[in-house]
């Protein structure tokens with residue numbers, strides 16, 4: 001448990017959490033420990049050269065320090081610690097001041113604004129997304145920007161309802177579970193649970209309002225291969241990984257946004273299922289990085305961002321039940337981290353100043369060469 | 001603390017004892033900030049089905065607020081007035097549940113949850129004072145069994161608890177369960193108020209029925225869970241019935257809406273069971289999370305003198321609406337990991353009760369991975385290789 005008093009204001013608690021995080025990172029072995037520094041942009045005005053591709057991985061089911069970067073949690077993320085962090089700039093203190101629901105929070109990450117709509121409603125974000133900024137400003141086609149989303153609730157995350165942007169400029173959203181749910185094939189039911197938030201064992205089903213045929217056409221996916229793969233996996237996030245790898249190999253889009261969701265099984269209150277999901281997520285992140293290193297279209301040309309949308313409740317908050325939910329709004333549930341790697345991004349570097357989750361969009365926009373006109377975040381200067 | 005003279009319209013259909021209590025404190029409730037009034041009215045509406053300890057606490061809270069307030073109390077209470085409110089604030093008194101649901105959603109929407117947290121944390125100091133004033137000195141004892149059916153793991157157990165107590169590496173657990181029950185039964189014979197002694201089990205009940213001990217067994221509640229699942233399934237066929245609406249629906253359920261309760265459970269217990277199964281929208285339905293959540297709620301609400309909880313293997317599938325036999329295989333080793341953190345959470349919740357320093361807490365692994373004892377006579381962070389039994393540990397803690 002983190003030794004941070006519970007009655008401190010949010011920012012002060014978050015700062016103390018960051019100090020704890022830095023300490024955790026310093027417990028790593030080998031070169032990573034030796035080379036950790038606190039980064040600062042300094043006075044240089046030299047422009048960096050970024051990757052022409054960007055991949056953003058969000059965890060739509062936050063994980064806490066205790067199960068990730070704290071000494072007792074490092075066992076669950078061996079690949080992120082040993083393979084990814086040495087190649088990354090790592091922000092120890094990313095605060096999400098918005099609504100702690102996965103869809104609305106991910107929409108906030110994509111718009112750079114704290115969105116305020118009902119998390120459980122099928123609603124487009126109010127503010128323009130990074131997908132729209134990029135496609136409009138750079139005149140990119142639909143097949144160049146993809147979102148791989150975990151559940152029906154995310155189906156409208158690709159484009160906002162903003163008057164100046166909207167669906168025609170949004171990302172193509174693929175819901176791997178929906179692709180798998182065609183017909184009466186019951187073999188995949190264990191992979192099709194739509195949400196972990198409630199009793200909702202609502203199995204995901206095809207939304208008639210979605211143009212799935214268009215998505216499948218753009219995706220150029222062999223459903224036979226996809227189903228064969230699905231028979232041999234145990235988790236929905238592995239479906240998302242499959243789609244991501246397929247896209248990278250076959251379409252090589254410039255922008256891919258993947259929301260992983262397995263970790264949210266924590267809502268069932270079973271610690272073992274939660275930590276298993278973190279281990280799986282760690283493996284999936286590493287496999288994505290291996291693919292970046294392998295695929296010629298992406299090798300040395302890709303900016304990768306990994307961040308949970310937010311954390312989970314602290315053990316010491318009496319109004320919550322520890323890791324199980326994210327309903328208290330306490331500092332631990334609002335404070336998380338961000339990992340960035342790619343050409344032009346410092347390696348083996350930690351940044352401890354507080355930043356906000358909405359800072360992702362202006363940072364990405366600068367890398368992608370578009371203008372995030374309505375974003376409320378501020379660019380992460382250490383990356384730019 | 002009457003801040004206004006005009007009486008508000010209170011909920012029209014309160015149970016009899018709750019109605020009397022609300023009427024008695026009508027002036028106070030009418031004068032409170034809406035959020036606080038609604039929170040207290042929801043508590044009052046549950047009064048008829050409350051455990052004695054929580055009844056006393058609610059009465060104490062109302063008396064505390066009715067008395068001439070100190071400047072600090074006045075400041076804390078008035079701070080609730082600065083919270084942003086949704087439209088129809090008057091519903092706080094007439095329809096407190098609906099009001100609080102709307103208020104919570106509104107808080108998230110206007111990004112004011114931190115302000116709410118600060119108010120609630122400050123109000124916690126009033127509750128602490130009430131608890132202290134009401135506290136009757138009594139030593140409390142909690143024993144947790146875990147690891148039933150699990151292999152002896154190379155993963156160390158009790159990593160969170162060990163730093164607070166003594167770890168017994170060589171424990172003979174063969175008679176531990178019987179000993180724990182005998183010790184509890186002996187304590188229960190002293191004839192304290194109802195619901196002072198509890199047994200909660202995640203597996204098939206092995207404890208004999210007892211009139212002195214409140215018992216909650218996960219498998220016994222399967223018929224109730226089945227009826228609940230049927231109701232939820234039916235609700236979910238309604239268009240636009242998303243997780244939030246399902247959750248709201250489940251919060252309205254009462255024992256009369258369900259069936260299949262064990263005969264030994266009285267009305268208070270049945271209300272408690274419904275709360276346990278419906279809180280968190282039914283996500284506490286695995287055997288391990290049921291035991292952990294029940295223990296937490298028993299500690300918070302009933303404030304028992306003794307509690308014996310026993311975790312058991314759980315099914316792998318976390319979805320309570322899915323009952324296909326293929327998904328019902330048991331996972332004892334996963335349950336051991338769940339129970340390990342469950343034991344730690346139980347200790348955290350125990351520590352929140354008054355006089356925590358004198359409490360005896362023992363967690364014992366049935367798969368041969370030792371035991372940890374926290375409380376009087378137990379050194380923090382100590383490890384002993386000396387052979388021990390649960391009976392012996394209890395003796396050491398009691399002398």
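What value in Å³ per residue do you get for the convex hull of the alpha-carbon atoms in the range B:191-291? Provide the component values of the computation, followed by the final result.
Working: hull volume 9.7 nm³, N = 101.
Spelled out: Cα convex hull of the range B:191-291, divided by residues, is 97 Å³.
Any chance you could run the full-extension gain for residue B:238 through residue B:17? It's 0.36 nm times the residue separation minus the Cα-Cα distance, nm to one decimal.
Values: separation 221, 0.36 × 221 = 79.56 nm, distance 3.57 nm.
Difference between extended and current length: 76.0 nm.
For a quick check, take a GNM of chain B with Cα springs below 10 Å and name the residue from B:335, B:122, B:196 with the largest mean-square fluctuation.
Between B:335, B:122, B:196, it is B:122 that shows the largest mean-square fluctuation.
Hey, could you pull the Cα Rg and Dmax for chain B, both in Å?
22.5, 69
Taking only the alpha-carbon positions of the range B:133-180 and ignoring solvent, what does the Debye formula give for the base-10 log of I(q)/I(0) at q = 0.23, 0.29 Å⁻¹?
With no solvent term, the Cα-only Debye profile gives -1.14, -1.41.
Can you give me the distance in nm between label points at residue B:333 and residue B:78, each placed 7 Å from the Cα along the Cα-to-Cβ direction?
6.2
I want to verify a result. In a Gaussian network model of chain B, Cα cutoff 10 Å, which of these has the top mean-square fluctuation: B:85, B:336, B:157?
B:85
Can you work out D for the protein assembly as shown in µm² s⁻¹ from Stokes-Einstein, where Rh is the Kirkwood radius over C-alpha pairs, the temperature is 37 °C and the viscosity is 0.692 mPa s?
On the way: Rh = 27.8 Å.
Approximately 118 µm²/s, per Stokes-Einstein.
Return the single residue from B:34, B:84, B:354 with maximal mean-square fluctuation; model: Gaussian network over chain B, springs between Cα atoms under 10 Å.
B:84
In whole Å, how far is the Cα centre of the range A:236-251 from that of the range B:243-264?
Centre-to-centre (Cα) distance: 41 Å.
Measure off 7 Å from each Cα along the Cα-to-Cβ vector at residue B:178 and residue A:83, then give the distance between these two points in nanometres to one decimal.
Taking the two extended label points, one gets 5.3 nm.
If you take each beta carbon of peptide A:258-271 and count the beta carbons of other chains within 10 angstrom, what is the mean? Please report the intermediate quantities before stating the final value.
Numbers: counts 0, 0, 0, 0, 0, 0, 0, 3, 2, 6, 13, 17, 17, 13.
For peptide A:258-271, the averaged partner shielding equals 5.
Under a crude label model (7 Å from the Cα following the beta-carbon direction), how far is residue B:189 from residue B:210 in nanometres?
1.2
Calculate the mean, over all residues of peptide A:97-106, of how many other protein chain Cβ atoms lie within 10 angstrom of the residue's Cβ. Show your work: numbers first, answer last.
Numbers: counts 3, 3, 6, 2, 3, 0, 0, 2, 0, 0.
Taking all residues of A:97-106 together, the mean is 2.
Over all residues in A:310-316, what is the mean tally of Cβ atoms on other chains that come within 10 Å of each residue's Cβ?
Numbers: counts 0, 0, 0, 0, 0, 5, 3.
Whole-number average of other-chain Cβ neighbours for A:310-316 is 1.
So, in Å, what gap is there between the alpha-carbon centers of the range B:66-106 and the range B:168-216?
Centre-to-centre distance over Cα atoms comes out at 42 Å.
To the nearest 500 deg cm²/dmol, what mean residue ellipticity at 222 nm is calculated for chain B from DSSP H runs of n ≥ 4 alone, each contributing -39,500 (n - 2.57), summed and divided by the residues?
On the way: 15 runs with 180 residues, N = 399.
About -14000 deg cm²/dmol.
Which peptide among B:253-266, A:92-105, B:214-227 comes first, and what is the full order, when sorted by highest mean count of other Cβ atoms within 10 Å?
Values: B:253-266: 14.4, A:92-105: 24.8, B:214-227: 19.0.
Highest-to-lowest ranking by the protection proxy: A:92-105, B:214-227, B:253-266.
Would you give the gap between the C-alpha center of the range A:341-361 and the C-alpha center of the range A:73-138, rounded to a whole Å?
A separation of 13 Å, based on Cα centres.
A short reminder: the numbers here are calculations on the coordinates, not readings from a lab. No experiment lies behind these values; they were computed from the predicted model shown. Cβ: placed from backbone, ideal geometry, glycine included. Neighbour counts: every protein chain shown.
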